[in-house]
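What follows draws every value from the coordinates through simple rules; no lab data is involved. Source: prediction; values computed, not measured. Here Cβ is always computed from backbone atoms with ideal geometry, including for glycine, and neighbour counts include all displayed protein chains.
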Amino acid sequence: MSTVIVIVVIIVVIAALVAAAMTARRRRLQQKFGPEYDRAVSEQNSKLRAEAELTDRQRRVRKLDIRPLSEASRARYAADWVTVQERFVDSPESAVADAYSLVTTVMQERGYPIGDDEQVLSDLSVEHAQTVGHFRAAQEISRNAAVGSAATEDLRQALIHYRALFSDLLGEPGQAAPAADAPADATAADAAVTDAPVSQTAYPESTYSDGETAVPVSPAGPDSVSVGTPVRDQPESQR
């Protein structure tokens, strides 16, 4: 009888240790992936399968040669973004396409493989969990634009989405990877991209379908006109 009791105790202890280990892993994954954890659970319809997938993503990304940008590259890409943003005034669709191209170029220089969209999103989610959702939303708008079903306001929001991930990918000087706790709401993410004031004259604040607040995008500079302001409404000096 005593032997049976010992065996039962051992089984209970092992089960408790396994449960504790699974709980700890779940907590780590939730903290690491944030909204992407919930998305994976929803897609897999199982926490265990979702956690296995997220763990696989981490293993894959660890094998990649992900590296920070040089200061020269950071400065060059930041200047390129200003050009893209200014181009939106006259050609919204081209500007959004250029924004996508610039973001993917930065990804490649950082060491992320480019090709399969779903794989790109999975790879980005490991170190950019708080902003990869912006990229996903921007891609959806870009696809709509390709078939002519995206309004100018949709394209403006796509540019804001691309800019959120772009800022995250640029990272901070000397960092091996961007901070993973970037703000998830569109207003904070937009402010994190540039220190330049954002004009409120062209568009009032709007709301995304998921409840996030969008803010207007403007070229760098306090006297600039918000992206999307028609040329006829601009001061003569800025036409």
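If a residue counts only when it is in contact (Cβ under 8 Å) with a residue 60 or more places away in the chain and within 23 Å of residue 94 (Cβ to Cβ), which helices (runs of 4 or more DSSP H) contained entirely in the stretch 114-171 have at least 1 such residues? Answer list for the stretch 114-171: 132-146, 152-170. Selection of the stretch 1-38 for residues being of a type in the set (Gly, Ala, Ser), without any contact (Cβ under 8 Å) to a residue 40 or more places away in the chain and surrounded by 10 or more Cβ atoms within 10 Å (Cβ to Cβ) yields 15, 16, 19, 20, 21, 24.
With respect to the conditions (1) at negative phi; (2) free of Cβ contacts under 8 Å to residues at least 60 places away in the same chain; (3) not basic (Lys, Arg), residue 111 lacks only one, and its number is (1).
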